[in-house]
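Below: one structure, written as structure tokens.
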Amino acid sequence: MTLALARFAAVLLALAFAWSALAKTLSWQGWRTTLAGYGFGPAERTIAVLAPAVEAVVVLLLVTTAELGAAMALALLAAYCLAILRARSLQGDRLPCGCFGGSRGRDFRLMLLRNWVLMLLCAVVLVSGLKGSVVAGGPPEDFETLPAALIVVGAGLGAWMLKHARVLFGKKGSG
């Protein structure tokens, strides 16, 4: 496994956790409302503050000490998976999700799948032997730039297609 792939995985993880932490912080009331749906009781207030704070720490670690950041991200994602499974046992298949600024109910399996994909990125970083800063390796080589750009464009197009497919199929099913 190349270090370039590990760096790319670390950057993707950092972007995902930065987006998540920022969304929770900027939409504080939405985040609190979503979190209330998980039935944490008195621990809810602490979790509401700690989750985005720990996500921000994960971002910093992924950029500065990729291996440690990936390990911490993996532990946090495992905790999130446990919270999803616990909430599923209490509420059923559809759960509130405020991870990236949304608050709609989602099928718990999609939430677990998303977390498992992120966990796979953590594993890529951990197995690669990437040490230190993600940016320490310098800019990508010429032969690495095109594949990296194609991956980013492909991921963006895939996300766009999924979003529009959900809207399209949602309209058909409601009429």
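Read the figures in this text as sums done on the coordinates, not as results from a lab. Fair warning: this is a prediction, and the values are worked out from it, not measured in the lab. Ideal geometry is used to build each Cβ from the backbone, glycine not excepted, and the neighbour counts take in all protein chains shown.
I need the calculated FRET efficiency for the pair SER133 and LEU26, taking r as the beta carbon distance and R₀ as 41 Å, to the nearest 0.05.
Efficiency, from the Cβ-Cβ distance: 0.90.
What's the percent breakdown of Cα-Cα distances in segment 3-138 across 5 Å bins, shortest bin first?
Calculated P(r), rounded to whole percents: 2, 11, 20, 22, 19, 12, 8, 4, 1, 0.
So how compact is segment 2-45: Cα radius of gyration and Dmax in angstrom?
15.2, 45
Where does each of GLU67, GLU55 land when they are ranked from fewest to most other beta-carbon atoms within 10 angstrom? If you can, show how the numbers build up before the last one.
Details: GLU67 18, GLU55 23.
If I rank by nearby Cβ atoms, fewest first, I get GLU67, GLU55.
With label points built 7 Å along Cα→Cβ from the Cα atoms of ARG94 and LEU82, find their separation and express it in nm.
Placing both labels 7 Å along Cα→Cβ, they lie 2.9 nm apart.
Please get the size of the charge dipole for segment 3-138, origin at its Cα centre, with Cβ charges of +1 on Lys and Arg and -1 on Asp and Glu, quoted in debye to the nearest 20.
260
Which length gain, in nm to one decimal place, applies between ALA123 and TRP19 when the Cα-Cα distance is subtracted from 0.36 nm times their residue separation?
Going from the current span to full extension adds 35.4 nm.
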